[in-house]
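Right, one structure below, let's go through it.
The values are calculated or read from the model by the stated rules, or taken from the named source; none is laboratory data. All values reported here derive from a predicted model rather than from experimental measurement. Every residue, glycine as well, gets a Cβ built from its backbone with ideal geometry; the counts of neighbours run over all protein chains shown. For accessibility, only protein heavy atoms count, side chains too; no ligands or nucleic acids. Shrake-Rupley method; radii C 1.70, N 1.55, O 1.52, S 1.80 Å.
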Amino acid sequence: MEAPSGQGQRRLEFPLVSVSDLSPPSSAPAASAAAAAAATAVARFGDGDSGAVELRFYRENGVGDVVGGGVELANAQIFKLGPVQSICMSEGSETDKEKSYSKGFNIHFKTEEESEAFHCTFEQLKKEGSIKGTHLPNGALSTSKSKFDEKIEASSAKMYFHYYGQLLHQQNMLQDYVRTGTYYAAVIGNRADFTDRVVVDVGAGSGILSLFAAQAGAKHVYAVEASEMAEYARKLIEGNPALSQRITVIKGKVEEVELPEKADILISEPMGTLLVNERMLESYVIARDRFLVPDGKMFPTVGRIHMAPFSDEYLFVEIANKALFWQQQSYYDVDLTPLYNTAFQGYFSQPVVDAFDPRLLVAPPIFHVIDFTKVKEEDLYEIDVPLRFTAAVGTRVHGLACWFDVLFNGSTVPRWLTTAPGSPTTHWYQLRCVLSQPLYVMAGQEITGRLHLVAHKSQSYTINLTLSTMMWGPGAEQGRILQTSSTTLDLKEPYYRMSQPQSYTVAQDQQPHQLLQSQELNVQTQDIEEADILEQPAQNSGAHFG
């Protein structure tokens, strides 16, 4: 099981498929040597009689050496022959022309993850020269079902890692120049946070952020990636030899892998649609608790979900018209109308992902803050945001528009990455929850409601949205709610509508001067102080009212 943060011991024992002596004594019977090579074994690090760190190999029951004596790490080298096979050599004499080795062992690990963990421990202990008193707060690699596996369906995880294991999807993200360029600027512009520091790249993907961290002077970067993309990341990093010596790629989930040392800074790109889709923020928080030193930095540091009601007659009609197919009463002499209502509601259960004109918003936005340095993993299982807006125009409200931004709170240059409407479009676009029953509002009328996100095992969220218009003027206190509309949507199944915003057309019953101007809605992040963001109300009251 995963050890509590700050209490786990360094993992010193590793199960092996087999280990064999490359030069067994001539007196050893051939059958005995073959049996020793085939036997399952355990590799164990320990302090030898001389006080130096030794590596010994034991049979699986731990009784008796598979090969005689131990190997002092100070005089040993380890070489990888493949993902699960390595050779450990003990150095002997050295001349001007060559180096000799007194003994060697062929080691076969059970998994690639075990091999990576062993190599990390080997190099770290060789550097430290002692085991006594050393600790590894993140604990050992769990052989039981991990926290990730317990809360995520296996089929969803398989598709997720398959998707991110393909270069074409990594290319799509790398070619989002707003995303990649902002990360580069945030890292390089804050070299003081990276220089001579240990960095963990959580969900490293292609390894691009690890390379940025190395460019910024990181002492060492551990690039943790669970998908097959880890192999491509190794190739990319090896192809940049000036940086590769300071980057180690580790294939595995952050919930399970072991690192040889704590990190001074975490870097990651854990954001999905609506910030929280794919539930990688939870892995980012787990990595914080397992790997990060107290008061270590996180890039990104804070995330905000922005929300505002919108009016878009074209979008509403487009979605509603999709269900017209089911109004046919003689489709090959079959009446389809019994399924019309179900189909109609089904189309409105899909969040719309596209880029839209900010002038479609009918009220100034509010936002909900998630501080990655403080939020608990469990807080992300359910997110409840109260909504309160004042309509700036009289129109029909068709739903709630959402987007997000994140802050890289660097010591030198704090920097924002935004997905706001009206800003350069990113691969996240924006998201809109469309109501099947629009609301009518007048200028100055209050709109209240609730956005309730509930995580599910398909690595996403169920969205529950309710919007209500409030009575105003004389007698308003007698009956506050005038009309209400609710919907439930699955963030896992969005409607990807288009890549760029449609041209905006003024409705016949609206005049241009009635509309909110886009410049009034853009978030002027450079004018927002850190304290204004971090000192927002706690969960369940986390909306900042515009």
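Across the cross-link table entries K147/K251; K110/K147; K80/K297; K235/K297; K147/K262; K219/K376, which are compared at the Cα atoms, the separations over 26 Å belong to K80/K297; K235/K297; K219/K376. Packing, taken as the mean count of other beta carbons within 10 Å per residue, orders the peptides 397-408, 217-228 from highest to lowest as 397-408, 217-228.
Could you tell me how far the Cα centroid of segment 408-477 sits from the Cα centroid of segment 274-340, in Å? Comparing the Cα centres of segment 274-340 and segment 408-477, I get a distance of 12 Å. Put the Cα centre of segment 376-399 next to the Cα centre of segment 184-221 and the gap is 35 Å.
Atom-type composition of the exposed protein surface of segment 164-233 places 52 percent of the accessible area on carbon and sulfur (1.4 angstrom probe).
Using a simple spin-label model with pseudo-atoms 7 Å out from Cα toward Cβ, V17 and Q85 lie 0.9 nm apart.
So what is the accessible area of segment 151-228 per residue, in Å², with the probe set to 1.4 Å? Walk me through the numbers on the way to the answer.
On the way: 3120 Å² over 78 residues.
Accessible area per residue: 40 Å².
Looking at segment 193-276 only, what percent of DSSP beta bridges run antiparallel? Nearest 5 please. Working shown, then result.
Numbers: 1 of 15 bridges.
Of the beta bridges lying entirely in segment 193-276, close to 5 percent run antiparallel.
Fully extending the segment from T40 to E228, taken as 0.36 nm per residue of separation minus the present Cα-Cα distance, adds 64.9 nm. Using a probe of 1.4 angstrom and keeping all protein chains present, the accessible surface of segment 319-388 works out to 49 square angstrom per residue. For D289 and Y340, what is the calculated FRET efficiency with R₀ set at 56 Å and r taken between the beta-carbons, to the nearest 0.05? According to the calculation, E is roughly 0.70. Summing charges over all other residues whose Cβ lies under 14 Å from the Cβ of F212, with Lys and Arg as +1 and Asp and Glu as -1, gives +2.
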